[in-house]
Amino acid sequence: MSKSTIGVVGEFTDVNALTAAVAKVTDAGYQRWDVYTPYPVHGLDKTMKIKRSYLTYISFAGLLGGITTALGLQWWTGAVDYPLNIGGKQLFAWQFSVPIDFELSILGTALMTVMGLFHLCRLPTWYNKYQDDESFKKATDDTFVIAIDADDDRFSADNAQQFLRQLGAQNVHIVHAS
Amino acid sequence: MTAQHHEQVREPLVLGNPSLRDVTARIASIVESKISMKYLLTLGFTATMAGWGLFALYYTITTGIGVWGLNNPIGWGWDITNFVFWIGIGHAGTLISAILFLFRQKWRTAINRSAEAMTIFAVICALTMVLSHTGRPWLFYWLLPYPNQMQMWVNFRSPLAWDVFAVNTYFTVSALFWFVGLLPDLATLRNYVKSDLAKKIYGFFSFGWTGSTRSWHHYEIAYMILAGISTPLVLSVHSVVSFDFTVGILPGWHTTIFPPYFVAGAIFSGFAMVMTLLVICREILDLKQFITLKHLDNMNKIMLATGMMVGYAYILEFFIAWYSGSDWESWIFINRAFGDYAWAYWTMFTCNVVSPQVFWFASARRNIPLMFIISIFINIGMWFERFTIIATTLHHDFLPASWGYYSPTWVEISIFIGTFGIFLTLFLLFAKFVPVIAIAEVKSILPGAQPAHHHGHDHDHDSAHAAVPAVATEGGH
């Protein structure tokens, strides 16, 4: 073949039919496949048996980083590097450090959450192998698209197409590299 | 109550029962439509306002803040009034995007995008005010802890230092939250718009979002975390702003009621500003299908509730002033209501406490001209609240010989008009080039958008959506 195969895609417009089909594709044992939807469809990630995201741990690391920075900064600058007596108050006390501890915890969590999200979703990636496919483009509009990638071990273009048609997908076709 | 019953009682959140494609097409059409003369004229007008304000700002910076009406003893005037005013405006956006999200208020999906945009623009205005008030804004980095040749650090025991951290954190987190919410919608526009340039621009900013379920899985968790941390953040920001006053020992400022009172006032004023702009926006951009009377009704209810909270605070302040037994504290409040600035105090009281009372009536909550007028009143009233707090405490201090009166000069007035210009210009640009409604979120709450079996309401397909929460679900859904 002059053009290599990227995968097979099929369209759905009904969310219940989609959910049923996704369950079947999961059961069939495919590993390299995905469902593209215009909005998050409830329960689809569970149906696909996607492993729970570890994003929460990344966020938590951001929180710890933020609060450590805040406490360290306020204690070290005030009590170690340049102790300055202001109104006879303590050089460092956790009580006055609370507002900045809080703000930097939030800031650290937010930054790490967004960076973690970008990392886990592999963003930014300004290229997608399906990007010129018309069905794929509709997936951000009004169509649910199941795509089975050619690099899946079980992949065979004919079987995959037949399988998707059987599940009720419309406009099933092979996507070739352009 | 069955889901079927719910269906009959609840008003639909989106009118006209649009399909998924209708939602995309409607919002994208705003971006795709040709720029009209009316739009350009409006933009020209607001940009002129902004330009005039920036000129006044330039004059202030090159000459010094002596061009303002500040004097001894009144060291804070319109600068800090405007700062607190603008920071407060921002709070409605975060409340809608974060707190209403956690409470599963699905109606927020129609208004969260524009309210969040207002948050960011309002904080930009607030930063303009607070930087110019430092007098030498080119030395802004002195506010930050950085190693320098003087070996000095900022004083972390000062609420002014806390404020720097609070406001900058608020701006950063709001911008991140807004951008994460925008990602899927920018991808929608990338695939929808016809012009090549627009495709490239939206393509760049959507970062290659595909709508993959594997990505949505992470996305929903990220959105939940951001909402979760923005909720305490929004409560903290105006609390920290109020510390700028309360930690000082001046009568009228040194009170424990300030943090909750400021937060309630911030939400109150923010909703008023959101209301003012949305009433215009839904008319001009023809968004009545998405921003329905039900949305406006709900916002009016929140304004009524927060308006009562500030009303309670106004009255309680007087009681505590008397109950404290402190002569200075008592006198400052008598002076506030009956002294030189009584006109400002009663303007505030009438606008903030009396005017929202009409929202007890359902017909008033759904009367658009009326709610527009009331929202303007509240905007005015909340500005006067900050002015009253600042001016009445400062103008008569402990030493009668130094008592004074403060009025702004044309420079301060111009800068304030300029911040409105900046705010409105940014909002107009946003309304034209960015999806004003959260497309993906609205799609997710349309009837039949979610699988029917999923929520225990399996009476029939059409009714089950009534129980589906808005866009993101709890992490382990």
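The trypsin sites (Lys or Arg not before Pro) found in the range B:13-69 that occupy coil by DSSP, while having at most 16 further C-beta atoms within 10 Å, are B:34. One quarter of the surface of the convex hull around the alpha-carbon atoms of the range B:89-211 equals 11.2 nm², the direction-averaged projected area. Relative to its residue count, the range B:1-111 spans a Cα convex hull of 201 Å³ per residue. Both radii are taken from the alpha-carbon atoms of the range B:312-361; with Rh as the Kirkwood radius, Rg/Rh is 1.08. A simple charge model with +1 on the Cβ of Lys and Arg, -1 on the Cβ of Asp and Glu and nothing else charged puts the dipole of the range B:28-144 at about 380 debye relative to its Cα centre. Between the Cα long axis of helix A:157-166 and the first principal axis of chain A there is an angle of about 90°, rounded to the nearest 10.
Could you give the alpha-carbon Rg of the range B:158-213 over 2.2 N^0.38 Å, rounded to two decimals? Mind dumping the intermediate values first?
On the way: Rg = 16.5 Å, N = 56, 2.2 N^0.38 = 10.2 Å.
Relative to the rule-of-thumb radius for its length, the range B:158-213 sits at 1.62.
Taking all protein chains together and rolling a 1.4 Å probe, residue B:268 ends up with roughly 0 Å² accessible. Each part reduced to its alpha carbon centroid, the range B:348-414 and the range B:293-328 end up 13 Å apart.
Spatially, the range A:50-86 and the range B:104-153 are offset by 21 Å when compared through their Cα centroids.
For the Cα trace of the range B:371-440, dividing Rg by the Kirkwood Rh returns an Rg/Rh value of 1.18.
3J(HN,Hα) couplings calculated from phi for the range A:123-139 with the Karplus curve 6.51 cos²θ - 1.76 cosθ + 1.60 (θ = phi - 60°) are, in sequence order, 9, x, 10, 8, 9, 9, 5, 8, 4, 8, 7, 5, 4, 4, 5, 6, 5 Hz; Gly and Pro show x. The distance between label points at residue B:33 and residue B:140 comes to 3.5 nm (points 7 Å beyond Cα on the Cα→Cβ vector).
Across 5 Å bins from the origin, how do the percents of Cα pairs in the range B:330-413 run, short distances first? Result returned by the calculation: 3, 14, 20, 18, 15, 11, 8, 6, 3, 1, 0.
Sparse packing (at most 12 other Cβ atoms within 10 Å of the Cβ) combined with a DSSP loop state is found for the following chymotrypsin sites (Phe, Trp or Tyr not before Pro) in the range A:83-178: A:126, A:127.
Give the carbon-plus-sulfur fraction of the accessible surface of chain B in %, rounded to a whole number; probe 1.4 Å, heavy atoms of protein chains only. Kindly include the intermediate steps, with their values, before the conclusion.
Numbers: 13050 of 18610 Å².
Solvent-exposed carbon and sulfur of chain B make up 70 percent of the total.
Summing Cβ point charges (Lys, Arg +1; Asp, Glu -1) relative to the Cα centre of the range A:27-178 gives a dipole of roughly 360 debye.
Length gained on full extension, residue A:84 to residue A:153: 18.1 nm, using 0.36 nm per residue less the C-alpha separation.
Put +1 on the Cβ of every Lys and Arg and -1 on every Asp and Glu Cβ in chain B; which of B:420, B:75, B:64 then has its Cα farthest towards the positive end of the dipole? Highest projection toward the positive end goes to B:420. In order along the range A:87-102, phi translates into HN-Hα couplings of x, x, 6, 4, 5, 9, 8, 4, 4, 6, 7, 4, x, 6, 4, 5 Hz, rounded to whole numbers, per the Karplus curve 6.51 cos²θ - 1.76 cosθ + 1.60 with θ = phi - 60° and x for Gly and Pro. Multiplying the residue separation of residue B:201 and residue B:429 by 0.36 nm and subtracting their alpha-carbon distance yields 80.6 nm. Helical content of chain A, expressed as a calculated mean residue ellipticity at 222 nm, amounts to -14500 deg cm²/dmol (DSSP H runs of 4 or more residues, -39,500 (n - 2.57) each, divided by residue number, nearest 500).
Are there trypsin sites (Lys or Arg not before Pro) in the range B:137-239 that DSSP puts in a loop and that have at most 16 other Cβ atoms within 10 Å, and which ones? Sites meeting the loop and neighbour criteria: B:194. Taking the range B:283-318 and a reference point 7 angstrom along Cα→Cβ of residue B:15, the backbone N atoms nearer than 17 Å belong to B:283-300. Helix A:15-27 and the longest principal axis of the Cα set of chain A meet at an angle near 90°.
Where does chain B land at 222 nm, in deg cm²/dmol rounded to the nearest 500, when only DSSP H runs of n ≥ 4 count, each adding -39500 (n - 2.57), divided by all residues? Mean residue ellipticity, 222 nm, calculated: -22000 deg cm²/dmol. The radius of gyration of the Cα set in chain B, together with its Dmax, comes out at 23.8, 78 angstrom. Distance between the C-alpha centres of the range B:59-96 and the range B:224-254: 17 Å, rounded to the whole angstrom.
Where does the range B:80-137 land on the Kirkwood hydrodynamic radius, alpha-carbon pairs, in angstrom? Write down the numbers at each step before the final one.
Details: mean 1/r = 0.0833 Å⁻¹.
About 12.0 Å for the range B:80-137.
3J(HN,Hα) along the range B:283-298: 6, 6, 8, 6, 10, 4, 5, 9, 9, 8, 4, 5, 4, 5, 4, 4 Hz, from the Karplus curve 6.51 cos²θ - 1.76 cosθ + 1.60 with θ = phi - 60°, whole Hz, x for Gly and Pro. For residue A:7, the residues whose modelled amide H falls within less than 5 Å of its own, excluding neighbours fewer than 5 places apart on the same chain, are A:150, A:175. All Cα-Cα separations within the range A:37-145 were binned at 5 Å from zero, giving a P(r) of 2, 10, 12, 13, 13, 10, 9, 7, 6, 5, 5, 4, 2, 1, 0, each value a whole percent of the pairs. Against chain B, whose longest principal axis is taken from its Cα atoms, helix B:410-433 shows a tilt of about 10°.
Diffusion coefficient of the range A:120-178 by Stokes-Einstein, Kirkwood radius over Cα pairs, 20 °C, 1.002 mPa s: 166 µm²/s.
Once B and A are treated as a pair rather than alone, how much accessible area drops out, both sides summed, in Å² to 100, probe 1.4 Å? List each step's numbers first, then the result.
Numbers: alone 21540 and 11880 Å², together 27400 Å².
The contact between A and B buries close to 6000 Å².
The stretch between residue B:327 and residue B:254 holds 24.9 nm of extra length on full extension. This uses 0.36 nm per residue minus the Cα-Cα distance. Candidates B:346, B:370, B:312 compared by Cα position along the dipole of the protein assembly as shown: farthest toward the positive end lies B:370, with charges placed on Cβ.
Using only alpha carbons, the protein assembly as shown has a radius of gyration to Kirkwood radius ratio (Rg to Rh) of 1.01. Remark: chain B carries a charge dipole of roughly 1140 debye about the Cα centre, counting +1 on each Lys and Arg Cβ and -1 on each Asp and Glu Cβ.
The values are calculated or read from the model by the stated rules, or taken from the named source; none is laboratory data. Since the structure is predicted, the reported quantities are computational estimates derived from the model, not experimental observations. For neighbour counting, all protein chains shown are included, and Cβ atoms are generated from backbone atoms with ideal geometry for every residue, glycine included. Note: areas computed on protein heavy atoms with side chains; ligands, DNA, RNA excluded. Shrake-Rupley method; radii C 1.70, N 1.55, O 1.52, S 1.80 Å.
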